1. Report the Cα centroid-to-centroid distance between region 58-87 and region 307-356 in angstrom, as an integer.
2. Can you tell me the orientation of helix 198-210 relative to the chain, as the angle in degrees between its alpha-carbon axis and the longest Cα principal axis, to the nearest 10?
3. What does the net charge come to around Asp148 if you take all other residues with beta carbon closer than 11 Å to its beta carbon, with K and R at +1 and D and E at -1?
4. Computed over the Cα atoms, what is the radius of gyration of the chain divided by 2.2 N^0.38 Å, N being its residue count?
5. Sorted by average packing, counted as other Cβ atoms within 10 angstrom per residue and highest first, what order do 176-182, 212-218 take?
6. On the protein heavy atoms, probe 1.4 angstrom, tell me the percent of accessible surface of the chain carried by carbon and sulfur.
7. Using mean Cβ contacts within 10 Å as the protection proxy, how do 23-31, 156-164 order, highest first?
8. On average, how much accessible surface per residue is there in the chain, in Å², for a 1.4 Å probe, leaving out ligands, DNA and RNA?
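The values are calculated or read from the model by the stated rules, or taken from the named source; none is laboratory data. For clarity, every value in this text was computed on a predicted model and none was experimentally measured. Reconstructed Cβ throughout: ideal geometry from the backbone, glycine too, with neighbour counts over all protein chains shown. Surface areas here come from the heavy atoms of the whole protein model, side chains and all, with no ligands, DNA or RNA. Shrake-Rupley method; radii C 1.70, N 1.55, O 1.52, S 1.80 Å.
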Amino acid sequence: MESELHSIGELARASGLGVGTLRYYDGAEVLTPAWVDPHTGYRWYRPGQLADARLLARLRRVGLPLAGIRAVLGTGPGSGAARQVLDAHLRRLEDGLADARRELSLIRTMIEQREQPMTTTPTGTRLTVPADGLAAALDAVRFAVSGDPELPSLAGVLFEPDGPVLRLVATDRYRMALAEVPATGTPDQPTAGTIVPTALVDALRALLAADPTQAALTLADGHFRAEVGGHRIEGAALDFDYPDHHALTRLDPQHRIALPAAELRASVETGATRTLPSGPQGTDCAVTVLTLTEDGRLAVAADLGAQQVQVAVNRDFLLDALRAGHPEQLLLELGGPIAPLAIRTPGQTGTFSVLMPVRLPDTV
């Protein structure tokens, strides 16, 4: 029998897992040997278990917890359960990375202020906003900030005072997100606004999480300052002209569909996609096609067919927009295959996302 099996040492060398690690996963009932010598206790593995051991090594490398590893190795082929485990783990990693970035941005800003303290208060528009409302607004728009180094004017969030509200805007040209928060001290007429760079935006979000009371903002010429609960962050604003978002956000949709956010997220996550060269810089991306059924319900199209109402969007961008702000209900506004898709939260008229459509080959 031993001639047909791999010894534990052979499996360790072939998979990159240590002998002690293999013993641990045997005890955890994750990767159990095919046969254990009753006299020596030595473990032997089937040749087919080498693939499982190599997969296990990679799952460990990305930090998947033991329960997740057990679930992935234990799922049957074609069930899709393993992919769901991996998708959930990736979301946890992304959330953790976003939290770490916010904390590091705040730490860097605090270090800069300690090394180069500013004693004078910049002159400019001074606003007072509820901290929890500002935090929610940042959560609603942060996903749309551009990370393209060739578009420095979009590497931040536009803070735009407008009468009784402060409007936040972010875009990377493929999508745009807007959110409004009540504000006092805003000028009667809308101003050009201040582009707050991404690092300051993330530092502000971390500061708001520590003290959800009020935030005092100063939007000065080329400078931004925020004071929350006795703490202060400040820095230079981006010296660019921000794209005019007003024309794009005056949409005239033909169809409005209200539905639970969780329901739509599940449909998009499990629904059909097409791979098209429609991502940033023309890279391939997964595209979701939304359509209306005969009874007026929104659905993810399995094939293009002959639906009269359909709009195609980047699947990852769509999921980002659906998760932003963690809404329970959504209101989607569709115009047509070449019209932007608007995603709103009912009751929050000033907070919504706009996704640019992807032109499908059949509609060219």
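1. So the separation of the two Cα centres works out to 31 Å.
2. Once rounded, the angle reads 80 degrees.
3. On the way: positive: Arg173; negative: Glu150, Asp172.
Cβ neighbours under 11 Å give a net charge of -1.
4. Compactness ratio reported: 1.25.
5. Numbers: 176-182: 23.0, 212-218: 17.9.
Answer by packing, highest mean first, reads 176-182, 212-218.
6. Percent of accessible area from carbon and sulfur atoms in the chain: 51.
7. Going from most to least packed, we get 156-164, 23-31.
8. On the way: 19000 Å² over 364 residues.
Value for the chain: 52 Å² per residue.
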